[in-house]
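Dumping the structure here so I can ask a few things about it.
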Amino acid sequence: MRRLIKYRIGPMVGIVCVAAFMIASAGSALAQTHNHPVVPPERFWNEQSEELFARLPIQDQGRVKPLSTYALFKLVSLSGRSTLRLEDGGRLSPTRWLMDTLFFPDVASEYKVIRVENPAVMQAVGLPDARERTYFNLHDMHKVQARLYELARSYSEIDEKQRTLQQQQVLNLYGKFAELDRLIHTMQFSIASLEINPDGALAEQFKKTYPEVPMPATFSEWTALLPQMFVLERRQSAEGDQAAAQELNALLGTYESVANMATSLAIFAPQTSAEADPWRSIRDLATDSVGGEGLTHTDFIALSRLESLPGYLGSPGQFTTVLEGLVDGVTEAALVRDEASRFGLELFFYKLKPFRWSLALYLVSFLVVAAGWLMPGSERLNRAAIFSMIPPTLLLILGITIRSILRGRPPVTTLYETTLFIPAIAIVVALIVEWVTRKRIAIAMASMLGVAGLFLANIYELKDGQDTMGRMVAVLNSNFWLSTHVTIVTIGYSAGLLAAALAHIYIFARLFKLSGDKMFFRSIARMVYGVVCFAMITSFLGTVLGGIWANYSWGRFWGWDPKENGALLIVLWNLIILHARKGGYLRDLGVCVAAVFGGMVVTFSWWGVNLLGVGLHSYGFISGIANTLMIVYSIETVVMGIGLMAARVEIGEVVRARTGAKSGKRRSRSQA
């Protein structure tokens, strides 16, 4: 226990009686032995047990959530997938995977969960040099554990900004291995041998000192009686009882080892009512007990129920009954703190998977819209295109709304949320434009934006591997300014990106002469101009409100922060477009080319400034997107070049036409 905590022994009055009461009242909930053969996991689990586990409250990343959410993002962080693919072709849900990991560790150790993408990393640590994106199980990782640890320790001493990609990937791999190893050994405490030899010196001394207290035999009993054990340790030192001291030290060493492995499940609510106090893991309970604070009766019952579950792996019915008692007890503690009142809605949200279905339906909508373009005279396809946009858009809005209700905040507090909100706003604006113009142009762009935006959100979630509804940073914890500044400025982002998307259609249609109707191009140019005006208004208003928020949060209106500068760039570029159009410096094609560059400015403000790693907007920092952004900037630069090329071609045609007209006039005059 010396490494577990720097303990201190507090007042002992009443602790002995309370501990005796807790141990006696635990009854049948205490640890059991395997009275029946253990049933294989594929035949042991049932729908009821999985549903119970799914709603067990647990705190992770600063938020109390259902265990199913915790399992989902643990699996995503390890494997980059939201389900576990088995070698026989089957699949396991995240909750079922975690249940196997906790209670059938031998089986779970065979699951290929840890993803390694770089063959050079595999070679460096000694894993089989396979293709990119290979999955390994825990046994594979244990074979290279020494080499992996050596490299990780070496690379951790290098400054993060100086590490190579391979070095960072090795560190990430070590983190995955350590996390999976902790999960696999979480329930080790329940089978630890902690019984005191009834004929030994320690038993004699314990009975003499605490005649009314049963001798501890399980982890939960030891946790409840740790303060007494340290009293015995001090007495042994004073009396020189070496035999009892050796036995006690051995048992405390075993206790310490299993307690240090049980750090993953923070399912024990704090004893205080303060919202900021964290929930506690099994090791945290041991820490509290060593500190002289002891265990509450609620904590002891919950710990003993959790501890007893492996003993019922041969009896699914009894296992489910004890599990239900554990879940109900922890849920009650969470409800008292108002931290589990929306669990039902969160479970519904992740079961519904609105964004995944919305992405699929936007793909269908895009195909319908494309078919309508191929057969422009078909009214049925035109109506089908419009109606096909309704279900995915409603699902997207529903998903965003549920997330806002769960978090109690507007849907723009993280980069992930903006990847949902910005496309949603752009789609709604595009549908409004389509309703006004009836050209089937904006609706085509709406479906494309839906596919692109939700695909980006899905990739971001899988790459990040973190709970997308985690605790909000303090600077964002001001609902009024968050609801105004961040929401409005992201609406400006949406408009800027929509204008750029519409401009792409104009540029490529002009280059490849997809239409000879001048009104076709004129209508697109008007859409672009109108959306740029909308972007200008919302970006300016959002930036001003951002200054007010900065003054409220940081004591200054403007500080030339990178994010502030990015917002200012958007406003200035929109102003340049509008003034150049008004002054006649830009015509339709010029406005569209400028709108494409405006999309690049929005992308830089939205994502690019985060790569600088400086500024007060640290809640938006991300990594690993520099190459992607460079690709985007390169593509958009080519599109602008294509626009200028189209302008050059048109100018050449005009010049040739005028030259031909003048030549014709000269020939006519000469003939006359």
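Computing the accessible area with a 1.4 Å probe over protein heavy atoms, can you report the carbon and sulfur percentage for the chain? Present the calculation step by step, with values, prior to reporting the outcome.
Values: 19000 of 32120 Å².
The nonpolar share, carbon plus sulfur, comes to 59 percent.
For the stretch 347-397, what is the convex hull volume of the alpha-carbon atoms per residue, in Å³?
Taking only Cα atoms, the stretch 347-397 has a hull volume of 53 Å³ per residue.
Efficiency by 1/(1 + (r/R0)^6): what FRET value for His297 and Gln61, r their Cβ-Cβ distance, R0 = 35 Å, to the nearest 0.05? Could the numbers behind the result be given before it?
Working: r = 29 Å, r/R0 = 0.83.
After rounding, the FRET efficiency stands at 0.75.
Quick check for you: with a 1.4 Å probe and neighbouring chains kept, what is the accessible area per residue of the chain, in Å²?
48 Å²
So I have (i) 76; (ii) 39; (iii) 48, and one of them is percent of Cα pairs over 39 Å apart calculated from this model. Which one is it?
Derived directly from the coordinates: (iii).
Just to verify a number: FRET efficiency for Glu110 and Arg81, C-beta to C-beta distance, R0 = 22 Å, to 0.05? Intermediate values should be presented prior to the final figure.
On the way: r = 17 Å, r/R0 = 0.77.
So, using R0 = 22 Å, E works out to roughly 0.85.
Something else about it: Which pairs break 24 Å Cα to Cα here: Lys176/Lys351; Lys65/Lys161; Lys74/Lys353; Lys112/Lys463; Lys353/Lys439? Intermediate results must be reported in sequence, preceding the final value.
Numbers: Lys176/Lys351 26 Å; Lys65/Lys161 34 Å; Lys74/Lys353 17 Å; Lys112/Lys463 18 Å; Lys353/Lys439 33 Å.
As for pairs spanning more than 24 Å Cα to Cα, those are Lys176/Lys351; Lys65/Lys161; Lys353/Lys439.
Along Cα→Cβ, 7 Å out, is where each label goes; now give me the distance between the ones at Val544 and Gln242 in nm to one decimal.
About 8.5 nm, to one decimal.
While we're on this one: What figure, in Å² to the nearest 10, do you get for the accessible area of Leu575 with a 1.4 Å probe and non-protein molecules left out?
Counting only protein heavy atoms, the figure is 60 Å².
Also, I was wondering about something else. Going Cα to Cα from Lys207, which aspartates and glutamates come in below 19 Å? Please leave out same-chain ones fewer than 8 positions away.
Reachable aspartates and glutamates: Glu195, Asp199, Glu221, Glu233, Glu239, Asp241, Glu247.
Ok, one more. Where the only charges are on Cβ atoms (+1 Lys, Arg; -1 Asp, Glu), what is the dipole of the chain about its Cα centre, to the nearest 20 debye?
The dipole magnitude comes to about 5300 debye.
While we're here: Rg and Dmax of the stretch 270-375, using alpha carbons, in Å: what are they?
22.9, 79
Under a 1.4 angstrom probe, counting protein chains only, how are Ile441, Ile537 ranked by accessible area, largest first?
Working: Ile441 0, Ile537 110 Å².
Per-residue accessible area, sorted high to low, gives Ile537, Ile441.
While we're on this one: In deg cm²/dmol and to the nearest 500, what is the mean residue ellipticity at 222 nm of the chain if only DSSP H runs of at least 4 residues count, each as -39500 (n - 2.57), divided by the residue total?
Values: 27 runs with 441 residues, N = 672.
Result for the chain: -22000 deg cm²/dmol, rounded to the nearest 500.
Can you bin the stretch 495-553 into rounded, prolate or oblate? Criterion: square roots of the alpha carbon gyration tensor eigenvalues sorted a ≥ b ≥ c, rounded for a/c under 1.5, prolate for a/b above b/c, oblate for the rest.
In terms of gyration-tensor shape, prolate.
For the stretch 156-216, just run the numbers: alpha carbon Rg, then divide by 2.2 N^0.38 Å, N being how many residues it has.
Cα Rg divided by the expected 2.2 N^0.38 Å: 2.19.
Using a simple spin-label model with points 7 Å from Cα along the Cα→Cβ vector, what separation in nm is obtained for Leu394 and Leu644?
4.8 nm
Aspartates and glutamates near Lys513 by alpha-carbon distance under 16 Å, same-chain residues fewer than 8 away left out - which ones?
The qualifying aspartates and glutamates are Asp588, Glu650, Glu653.
In nm, to one decimal, how far is the Met375 label point from the Ala580 one, both placed 7 Å along Cα→Cβ?
According to this spin-label approximation, the distance is 4.2 nm.
Straight-line reach from Lys143: which aspartates and glutamates have a Cα under 18 Å away, not including same-chain ones fewer than 8 places off?
Answer for Lys143, where 18 Å is the Cα cut-off: Asp106, Glu110, Asp129, Glu179, Asp181, listed by chain and number.
The values are calculated or read from the model by the stated rules, or taken from the named source; none is laboratory data. Keep in mind that what you see is a predicted model, and the values were worked out from it rather than measured. Note: ideal-geometry Cβ built from the backbone for every residue, glycine included; neighbour counts use all protein chains shown. Protein only, heavy atoms only, side chains kept; ligands, DNA and RNA dropped before computing areas. Shrake-Rupley method; radii C 1.70, N 1.55, O 1.52, S 1.80 Å.
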